[in-house]
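Shown next, in structure tokens, is the structure this report addresses.
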Amino acid sequence: MSGALAETVAVAVLALSLVVAIARPFGTSEALVAVPGAALLVATGVVGWHPALDRLREIGPTVAFLAAILVFGHLCADAGVFGFLGDRAAALSRGRPRGLLAIVVALAAGVTAVLTLDATVVLLTPVVLTTAARLGAPVRPHAYACTRLANSGSLLLPVSNLTNLLAFGATGLSFGRFAGLMLLPWLVAGAAEWVGLRVFFRADLPATTAPAHHEPVGAPRYPLAVLAVTVAGFVLASSFGTSPAWAALGGCVLLLAPRVRRRDVRLDRLIDAASPGFCLFVLALAVIVDAVTRHGLGRELHRLVPDGIGLLALFATAFLAAVLANLVNNLPATLALVPIVAGQPALLLAVLLGVNIGPNATYGGSLATLLWRRLLPEPDKPRVKQFHVLGIITVPVILVLTTVALWGGYQVLGT
């Protein structure tokens, strides 16, 4: 199959796969349509067997890391890491909701950077909601901080977001070089998010509250030490050209060891934590997006992506990526854009600004945002108009500021 028919079929499969992944009717897996859809595209010749296998081989280590870090995050939660962080946030805020908001922004940015945005959405958000309620603080601003920093706070490390992992190999950068170039944009994004939330929710944030009495939570020293060792392992693995999945797997083994001795391990819970349905969805999506880009989209994107690493080129790339992320979700946007700007690290990092910050503008921009919305208790679910007004006001500003920060980093650190 080729020509207009192949393009139509590929786009239809992509659209249907995304609709099911976003809506998840009856709680079905994201992979329900994507996997058979990818198989259909291969079987009908829309994308060849060899290109499909090449895409799966390329993305396989990335998906392996995703599964390992998801399990690691859940093991950290079981070990009390997130409960301890929430307790420290409450203590540091001293009953001041405005102070708590700043702490939650910093905490969400840090958790996202180290344990991926999924940990922030699934594991940190419930702790933050409980902490805010215990302090008598409004829940909504702090809930928003979690989802917004799950996206924009994922700029710092190659392991912070699946989008980063998809792009990292194509940048040609080392782990440390990537982090060095993205440090300033990450800091700028965090500060800008805090200012935006602080101003937007100013009427909802009283100066002080009267928090309920709560016994402090002790520090889980062994899990925190394992977390520190695992993060160091990400850096070392990259330095030796090894997949960071091995470091994440090592962290899982270290956290599981004492539980194995206590016979406190359930294999079904570990498999569920690895989100096999989502991992299959990502693998299938790589094949589907490859089919779409081979039949029209890739040609159009080639025309739109600028050349060079000047400030205007970075602006154009970041905003193009943000628009595409909100049109088709940030994972397909990343898969489509990375091959086009491969080998151009400045433009690839600008793409990541767009696909990580841009999704804060709409619900559909990021699967993490949709998951966050589904997991919130009914009284705390965001208002549709409020969510999108906040996103439309703040996202363009934050994109401009972080792109300038990225350009400035290149002027200092060089290409």
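Key figures for this structure:
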| quantity | calculated |
| --- | --- |
| Point-charge dipole on Cβ atoms (K/R +1, D/E -1) for the chain, about Cα centre, debye to 20 | 880 |
| Charge tally in the Cβ shell below 15 Å around residue 94, where Lys, Arg are +1 and Asp, Glu are -1, residue 94 excluded | +3 |
| Heavy-atom accessible area ranking, 1.4 Å probe, most first, across 186, 49 | 49, 186 |
| Label-point separation in nm, residue 94 to residue 228, each point 7 Å along Cα→Cβ | 2.7 |
| Sulfur and carbon atoms: percent of accessible area, the chain [1.4 Å] | 68 |
| For the chain, with +1 on Lys and Arg beta carbons and -1 on Asp and Glu, the positive-most of 349, 14, 25 along the dipole | 25 |
| Mean shadow area of region 1-125, taken as a quarter of the surface of its Cα convex hull (nm²) | 10.5 |
| Radius of gyration and Dmax over the Cα atoms of the chain, both given in Å | 20.9, 68 |
| Percent of C-alpha pairs per 5 Å bin, region 83-232, short to long | 2, 10, 18, 20, 19, 14, 9, 5, 2, 1, 0 |
| Per residue, in Å², the accessible surface of the chain once ligands and nucleic acids are set aside, probe 1.4 Å | 42 |
| Distance histogram in 5 Å bins (all Cα pairs of region 13-75, percent per bin) | 4, 16, 16, 20, 23, 15, 6, 2, 0 |
| Gaussian network model of the chain, Cα within-10 Å springs - most flexible of 189, 350, 170 | 170 |
| Calculated P(r) of region 242-344 - Cα pairs past 16 Å, % | 69 |
| Ordering of 374-387, 335-348, 354-367, 24-37 by burial proxy (mean other Cβ atoms within 10 Å per residue, highest first) | 354-367, 335-348, 24-37, 374-387 |
| More than 21 Å apart - percent of Cα-Cα pairs taken over region 286-400 | 39 |
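The values are calculated or read from the model by the stated rules, or taken from the named source; none is laboratory data. Keep in mind it's a predicted model, so treat the numbers as computed, not measured. Here the Cβ is made from the backbone with ideal geometry for all residues, glycine too, and neighbour counts use every protein chain on show. For accessibility, only protein heavy atoms count, side chains too; no ligands or nucleic acids. Shrake-Rupley method; radii C 1.70, N 1.55, O 1.52, S 1.80 Å.
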